[in-house]
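The numbers here are math on the coordinates, done by the rules we state, and not lab data. Here the structure is a predicted model, which means the values were calculated and not measured. Ideal geometry is used to build each Cβ from the backbone, glycine not excepted, and the neighbour counts take in all protein chains shown.
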Amino acid sequence: MEFYHLRSFVVVAKTGNLTAAAKHLCTTPPAISAHIKSLEEELKTPLFNRSSKGMSLTDKGKLLLPKAEKTLDSAIDMVNLAVENQSEIIGEFSLSMNQSPNQLQLPTLLNNISENCQGIHLNIESLSTGAAIQALLNNTIGGAYIYDDVPDELFAVFIKHQKITTIAPIDSTLDKDSLITELAQDAWITMGKYCPFDERLKSSLKQFKKANLQTSSDDTRLQLVKAGQGLSFLELEEAQAAEQLKQVKILPQLDFEIPLYFVINLHKKEEPVIKAMLQEIKILWSLKD
């Protein structure tokens, strides 16, 4: 039995989708499908029910999933417990971002990992705060940057207070002197899948109507605003850069600050890979233990 077969089994079980699993493992859906097929043949039992909606575990698959997870964890722990230096730790770490790579100093983090943790393979994705929290609780990612309140099940380190502003199409009739009631009547592009931005919007604009567009991607929201599709919240630094290029205009009426945290699953805090990544995040942001 190959460990990469077990890893594919576990990731497909958690994502319910070959494409999503392949993206997570940096491979292709046919490769993941072949891993699952080989494992099913070896175990002589079907592990998934396949349908147009995705893949769900069979009863036997549900029974074997915890054992597969335990086997993988034990194998990685055995290697990591045997090493003396952080640079020798091996494993994968999925990181969720909610800001641009430059704002979160991603290039510097990658360089540091390359120097200090060569055995850690980093998977990067963009998720809204709500989606990232759920992924952490489901153990499908290792760590995430999130805004605002942190659930008790997560361990957090404070990164910074982030300033948020409103951006509008460059040809919008709204300006910095417009009334809040006027902003409420315009179209808005929201985050969706629960995001503190949306909660602030609803509390600030009592007459706010449900948005027709929503996306958790900052860049996509910026492009939609530039295309004249509505207003949206955006990190101040990103908004200022776009305004300098005369792509959008900033409306400061609803400006607010929100805390940014890096979080991990509290129950996985002592796992070698997660512990090493947490240390790298602290170094990156000059945080004290």
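What the table below lists for this structure:
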| item | result |
| --- | --- |
| Span per principal axis, largest first, for the Cα atoms of region 87-149 (Å) | 33, 26, 17 |
| Student exercise, the chain dipole from Lys, Arg, Asp, Glu Cβ charges, in Debye to nearest 20 | 860 |
| Region 161-260: Lys pairs at Cα distance under 12 angstrom, eight or more positions apart or on different chains | 4 |
| The chain: most fluctuating residue of Arg221, Arg200, Arg50 per GNM, C-alpha cutoff 10 Å | Arg50 |
| Share, in percent, of DSSP beta bridges within the chain that are antiparallel, nearest 5 | 70 |
| Residue of Lys275, Lys14, Lys67 that the Gaussian network model of the chain assigns the largest fluctuation, springs spanning Cα pairs under 10 Å | Lys67 |
| FRET efficiency, Thr19 to Asp219 (Cβ-Cβ, R0 30 Å, nearest 0.05) | 0.90 |
| Per-residue Cβ neighbour rank within 10 angstrom, fewest leading, Met277, Met55 | Met55, Met277 |
| Exposure proxy order (Cβ contacts within 10 Å, fewest to most) of Met191, Met97 | Met97, Met191 |
| Cα pair distances in the chain, grouped into 10 Å bins until the bin that holds the longest one, percent each | 6, 25, 28, 22, 14, 5, 1 |
| Positive-pole candidate from Ile124, Leu65, Met97, dipole of region 26-177, charges at beta carbon | Leu65 |
| Ratio Rg/Rh, restricted to region 161-260 and using Cα atoms, in which Rh is the Kirkwood radius | 0.91 |
| Cβ-derived FRET efficiency at R0 30 Å, Glu257 paired with Asn212, nearest 0.05 | 0.60 |
| Spin-label model distance (nm) - Phe3 vs Gln105, 7 Å beyond Cα toward Cβ | 3.2 |
| Listed residues Leu213, Ser232, Leu183: farthest to the positive end of the dipole of region 161-260 (Cβ charges) | Leu213 |
| Set of lysines near Lys37 by C-alpha distance (under 20 Å), chain-local residues within fewer than 8 positions excluded | Lys14, Lys23, Lys53, Lys60, Lys62, Lys67 |
| Packing-based exposure ordering (other Cβ within 10 Å, fewest first) of Leu127, Leu136, Leu106 | Leu106, Leu127, Leu136 |
| Label-point separation in nm, Glu153 to Lys44, each point 7 Å along Cα→Cβ | 3.8 |
| Spin-label pair Gln279/Lys62, simplified geometry with 7 Å Cα→Cβ offset, distance in nm | 4.0 |
